[in-house]
Structures are given as C-alpha cells and as structure tokens.
Amino acid sequence: MATHIDLNCDLGEGYGAWTLGDPGADDALLALVTSANVACGFHAGDPAIMAARCRTAAGRGVAVGAHVGYRDLVGFGRRPLDVPADVLAAEVAYQVGALQAVARSVGARVGYVKPHGALYNRVVRDEDQALAVVRGVAGADAGLALVGLPGSAVLRHAAEAGLRTVTEAFVDRGYRADGTLAPRGSAGSLVTDPDEAAARAVRMARDGLVTAVDGTDVAVDAQSLCVHSDTPGAVPVARAVRAALEAAGIDLRPVAP
C-alpha cells in the first residue's frame with residue numbers, strides 16, 4: 001500500500017480568447033493537486049496562460065511540469081501525427097525550453113515532462129517516437145523527470161538514458177485489459193462521477209488495481225494519479241479524489257518538485 005502519492009492535472013489548455021473546460025477550473029484545480037502539467041503551446045496554451053498557471057502553481061507549492069504534444073492546435077494534440085524522429089525531438093526540446101523560460105520569469109521552475117494526448121499513447125509502444133521524446137527531454141535538461149504509463153517504451157528509454165521516471169495512472173479515464181487507456185469516445189472511456197473516481201483513486205494507490213472497461217482487474221503501478229481539466233466536472237472529481245486519498249491515510253505530495 002502506498003503511503004503517499006502525487007496528484008497531477010493537465011491544465012493551461014486554453015489559447016488566446018479560447019478557454020477549455022469550465023471557467024475558473026484551472027485555479028480551483030491548482031488548490032487541489034500537487035503537480036500541474038502545463039500545456040506548452042503546441043496542442044494548447046500560450047505564453048500568457050503558461051505564465052499565469054506557473055505563477056499560481058509556485059505560489060501554492062504545486063510542482064510544474066511541461067505537458068508536451070504534437071504540433072496540433074486544431075486537433076488539440078489528440079490526432080496521431082507522423083512526425084520524423086529528429087523533428088519530434090527538437091519540438092519536445094522547444095516546448096520544454098519555452099516553459100522553463102516562462103516559469104523562471106514568474107518565480108517557478110519545471111521539474112518534469114509529461115507527453116500529451118496522441119503522443120502520450122503513441123510512445124507507449126512506438127520505439128522510435130519514444131526515443132525521440134527522450135532525446136528531446138534529455139537534450140533540454142537531463143535533470144528533468146519523465147512521466148508516463150507503467151511498462152511503456154518511453155519510460156524504458158528514459159531510464160536507459162539516465163532520466164528519472166514517474167509512473168502514472170488515470171482516475172478519470174477507462175482502461176483496457178492490457179493496461180492501456182480506452183480510446184476517447186468508446187464506452188467507459190471517461191469517468192465523470194466523483195464518487196467513482198475517488199474509489200478508483202484509493203484502490204489504485206492502496207491495492208495497485210483498477211477495473212478495466214471489460215470488468216477485469218488490471219495492475220497499475222502508479223507514483224502519480226492524473227485528473228484532466230477538460231473532463232466534465234473536473235473540479236468535483238479532483239476534490240473527491242483528494243478527500244478520499246487523505247481519508248485513506250495517503251499523503252499527497254509531488255514526486256518531481
């Protein structure tokens with residue numbers, strides 16, 4: 001049983017006048033989570049949003065991570081793109097560097113990197129894309145940790161490159177029996193009920209298990225649990241998850257401050 005765990009959230013995912021999710025959700029979530037995965041401008045986010053989220057996170061003791069993705073504002077980074085490995089490595093380094101500079105300007109620092117959307121799912125098994133992400137992260141800052149799915153190719157390459165790795169599980173997303181995420185839009189792919197999400201979080205942290213969409217139990221070895229700011233009812237979900245973890249005696253703390 002885990003005695004402590006990180007609670008992270010993908011956020012900062014607006015762009016200019018466009019806001020994703022409920023207004024004010026990011027601010028509310030930054031009062032609940034211990035790590036903030038800030039969009040770096042490729043799938044969402046812009047310099048002003050990046051600065052605002054990093055400033056708030058720093059003020060509340062929330063760790064900041066670079067949420068890097070494919071260059072795909074139109075598709076919100078959820079479309080699989082065929083990007084040459086050398087280009088992807090450069091684009092990952094570019095996104096990390098951009099967030100690092102903005103974070104420094106508001107008194108924050110970047111401690112880790114987490115891929116987003118289609119890139120996150122791709123590097124679970126795609127060796128070339130996984131290695132490209134690792135090259136980009138290591139090239140930007142070899143002191144950063146890399147967050148990913150347990151057993152993924154990207155975490156294996158990261159460990160081989162000497163990067164610190166952080167395993168992650170999702171309280172608001174459905175799982176397939178093989179331990180990967182159920183595709184968005186498929187039955188059971190989203191968990192929006194706060195009580196259900198809270199029970200899943202405690203079971204993940206305490207027992208290392210989650211029930212897949214087909215009813216089977218799947219082992220999850222997670223150092224960090226994720227909620228998404230664009231999940232319907234994200235704030236009530238995060239609030240219920242945090243309360244349930246604390247009630248179960250599980251301390252919440254960032255794994256990559």
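Structure above, values below:
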{"item": "Qualifying positions in segment 243-257 - more than 13 Å from S35 (Cα to Cα) and either open to solvent by 30 Å² or more (accessible area, probe 1.4 Å) or touching a strand residue (DSSP E or B) at 6+ places or on another chain (Cβ under 9 Å) (or both)", "result": "A243, L245, E246, A247, A248, G249, I250, D251"}
{"item": "Residue under evaluation D217, criteria (1) in contact (Cβ under 8 Å) with a residue 12 or more places away in the chain; (2) open to solvent by 20 Å² or more (accessible area, probe 1.4 Å); (3) touching a strand residue (DSSP E or B) at 6+ places or on another chain (Cβ under 7 Å), criterion not met", "result": "(1)"}
{"item": "Residue tally, condition touching a Cys at 6+ places or on another chain (Cβ under 9 Å) and of a type in the set (F, W, Y), over segment 76-133", "result": "1"}
{"item": "Verdict on G97 being closer than 14 Å to A39 by Cα, within 15 Å of the chain's Cα centre (by Cα) and of a type outside the set (A, V, I, L, M, F, W, C)", "result": "no"}
{"item": "Among residues of segment 145-177, those that are within 20 Å of L225 (Cβ to Cβ) and within 18 Å of the chain's Cα centre (by Cα), counted", "result": "23"}
{"item": "Residues satisfying the stated conditions in segment 182-200, i.e. of a type outside the set (G, A, S), open to solvent by 20 Å² or more (accessible area, probe 1.4 Å) and not in a helix (DSSP H, G or I)", "result": "P183, R184, L190, T192, D193"}
{"item": "Positions within segment 40-98 being touching a residue at least 60 places away in the same chain (Cβ under 8 Å) and under 19 Å from G24 (Cα atoms), in sequence order", "result": "V62"}
{"item": "Filter pass, G136 being over 21 Å from A36 (Cβ atoms), crowded, with 16+ Cβ neighbours inside 10 Å and in contact with a strand residue (DSSP E or B) (Cβ under 9 Å, 6 or more places away or on another chain)", "result": "no"}
{"item": "Pair list, Cβ < 9 Å and 6+ apart or interchain, from segment 115-135 residues that are under 17 Å from N8 (Cβ atoms) to residues that are open to solvent by less than 20 Å² (accessible area, probe 1.4 Å) and in a helix (DSSP H, G or I)", "result": "P115/V92; P115/V133; P115/V154; L119/L88; L119/V92; L119/Q129; L119/V133; Y120/V154"}
{"item": "Flag if L119 is crowded, with 20+ Cβ neighbours inside 10 Å and either of a type in the set (K, R) or not in a helix (DSSP H, G or I) (or both)", "result": "no"}
{"item": "Test: residue in segment 146-166 that is among the acidic types (D, E), within 30 Å of V218 (Cβ to Cβ) and either free of Cβ contacts under 8 Å to residues at least 60 places away in the same chain or open to solvent by 40 Å² or more (accessible area, probe 1.4 Å) (or both)", "result": "yes"}
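The values are calculated or read from the model by the stated rules, or taken from the named source; none is laboratory data. Just so it is clear, the structure is predicted and the values come from calculations on it, not from any experiment. No Cβ is skipped: glycine too gets one built from the backbone with ideal geometry, and neighbour counts run over all protein chains shown. To get the accessible areas, we keep the full protein, side chains included, count just its heavy atoms, and leave off ligands, DNA and RNA. Shrake-Rupley method; radii C 1.70, N 1.55, O 1.52, S 1.80 Å.
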